[in-house]
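Heads up: the structure comes next, in structure tokens.
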Amino acid sequence: MKIIRVEPTEKTVSLTWMIGAQCNYDCMYCPSWYHNNDGPHHTLEDLKTTWLNFYSATCDKNLPYKISFTGGEVTANKNFLPLIEFMRQQNVSMRMLLTTNGSASNQYYQRLAALVDSISFSTHSEFFDEKKFFEKVFLVDQQMIRPEKSVHVNIMDEYWNGDRIELYKQMLNNRNVSYSVNAIDYSLKIRDFPLQKGRWNLVG
């Protein structure tokens, strides 16, 4: 047998939107064009205009939208949540997905979970607090019930943190939370070693 053609079950207008490169983390394997800690944030008006221009150029297709937000760190921009609220007010059929390092507050993610369809949390052990990170994941997962919504964890396969990955997998399996172990391309690294070690405070 051979596969002749693969088609999506539902056609969409798909957009991957990099909100900005600013990030509050500085992971050694993340290239500079994906993150900085001093670049300017886009204003809310600029973000609204970008969305409205894109919608105006594509709405004639009469298809639902799939918008994937990435960064940098999307929650680092104080205008990100107001942008999501604005987009939801437009009465446009769309699924919204985002990737985050999980560093915003519980309250922030709970507000976001009410508006978006999927949140992917990424582990970055140089900077995160293990216990707080996973407590946040499980809190949001209780709010974002499948199949309508979903939470996913990107476990970054950091060479210095390998003994923790099995612990993360076990915890997520026990809670029935989706995850993947993501390989890292160290050829793009900005340093040869991690700057620091986050709080590794989970007990297996």
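The values are calculated or read from the model by the stated rules, or taken from the named source; none is laboratory data. Source: prediction; values computed, not measured. So basically every Cβ, Gly included, is an ideal-geometry build from the backbone, and we count neighbours across all protein chains shown.
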Item checked: Selection count where residues are surrounded by fewer than 17 Cβ atoms within 10 Å (Cβ to Cβ) and either more than 15 Å from Lys189 (Cβ to Cβ) or not hydroxyl-bearing (Ser, Thr, Tyr) (or both), scope segment 155-164 -> 4
Next item on the list: Working only within segment 157-204, note down all residues that are in contact (Cβ under 8 Å) with a residue 12 or more places away in the chain and β-branched (Val, Ile, Thr).
Entry: Ile165, Val177, Val181, Ile184, Ile190
Check: Could you list, in sequence order, the residues of segment 86-141 that are polar (S, T, N, Q) and touching a helix residue (DSSP H, G or I) at 6+ places or on another chain (Cβ under 9 Å)?
Finding: Gln90, Thr99, Thr100, Asn101, Ser103, Ser105, Asn106, Gln110, Thr123, Ser125
Next item on the list: Any residue in segment 95-110 that's over 19 Å from Ser14 (Cα atoms): show its pairings with residues that are of a type in the set (Gly, Ala, Ser) at Cβ separation under 6 Å, as long as the two are six or more apart or on different chains.
Entry: Asn101/Ser122
Check: Considering only residues of segment 52-82 that are in contact with a Leu (Cβ under 7 Å, 6 or more places away or on another chain), free of Cβ contacts under 8 Å to residues at least 40 places away in the same chain and buried (at least 16 other Cβ atoms within 10 Å of the Cβ), which is nearest to Ala113 (Cα to Cα)?
Finding: Leu81
Check: What number of residues within segment 28-43 are out of contact with any strand residue (DSSP E or B) (no Cβ under 7 Å at 6 or more places or on another chain) and more than 28 Å from Asp157 (Cα to Cα)?
Finding: 3
Checklist line | Total residues in segment 166-204, condition in contact with a helix residue (DSSP H, G or I) (Cβ under 7 Å, 6 or more places away or on another chain) and among the acidic types (Asp, Glu) | finding: 0
Check: Mind checking whether some residue in segment 104-111 is part of a loop (DSSP other than H, G, I, E, B) and modelled with pLDDT of 95 or more?
Finding: yes
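Per-residue answers, yes or no, for (1) modelled with pLDDT under 95; (2) on the phi > 0 side of the Ramachandran plot; (3) part of a strand (DSSP E or B):
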residue	(1), (2), (3)
Leu81	no, no, no
Glu85	no, no, no
Asn91	yes, yes, no
Ser120	no, no, yes
His152	no, no, yes
Lys169	no, no, no
Margin query: If I ask for residues that are among the hydroxyl-bearing types (Ser, Thr, Tyr), in contact (Cβ under 8 Å) with a residue 12 or more places away in the chain and out of contact with any Leu (no Cβ under 8 Å at 6 or more places or on another chain), which ones from segment 11-49 would you list?
Written below: Ser14, Thr16, Tyr25, Ser32, Tyr34, Thr43
